[in-house]
Amino acid sequence: VQLQASGGGLVQAGGSLRLSCAASGRTFGGFTLGWFRNGPGKGREFVAAITQSGRNTVLPNSLKGRFTISRDIVRNTVYLQMNSLKPEDAAVYYCAARLLDPPDFTDSALYNYWGQGTLVTVSS
């Protein structure tokens, strides 16, 4: 499956962005979908995941209430809605996928497919 992320850009602190990740090659059915990010001077950080059933989402406590992950099976697209953005949210955001739910949604090594990344810049 090929993933194409989009939607990044420059936003002021407190603003919102919605990232999209479109899949091609096969449908999302049966895939766990996730978002990770690489901030300046930081390693790859888990942002959000949605289970293969689509019924559950996983986010770190630090992002709950501000970030939401969702998917559209018809459009074969996963979204990351980011609200109340902070300068520390600035990063390159990557979408990822793997067949079946992993034992640890936060472990980037368990995802097999990756998008190319989209840059989010947050001005203070």
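Just for strands (runs of 3 or more DSSP E) wholly inside the stretch 40-93: which have at least 2 residues that are without any contact (Cβ under 8 Å) to a residue 60 or more places away in the chain, of a type in the set (A, V, I, L, M) and open to solvent by less than 80 Å² (accessible area, probe 1.4 Å)?
Here the list reads 44-50.
Tell me, which residue of the stretch 94-124 that is in contact with a Pro (Cβ under 8 Å, 6 or more places away or on another chain) and outside any strand (DSSP E or B) is surrounded by the most Cβ atoms within 10 Å (Cβ to Cβ)?
Out of the qualifying residues, it is Y111.
The values are calculated or read from the model by the stated rules, or taken from the named source; none is laboratory data. Since the model is a prediction, treat every value here as computed from it, not as a measurement. Please note: Cβ atoms are built from the backbone with ideal geometry, for glycine as well, and neighbour counts cover all protein chains shown. With ligands, DNA and RNA removed, areas are computed over all heavy atoms of the protein, side chains included. Shrake-Rupley method; radii C 1.70, N 1.55, O 1.52, S 1.80 Å.
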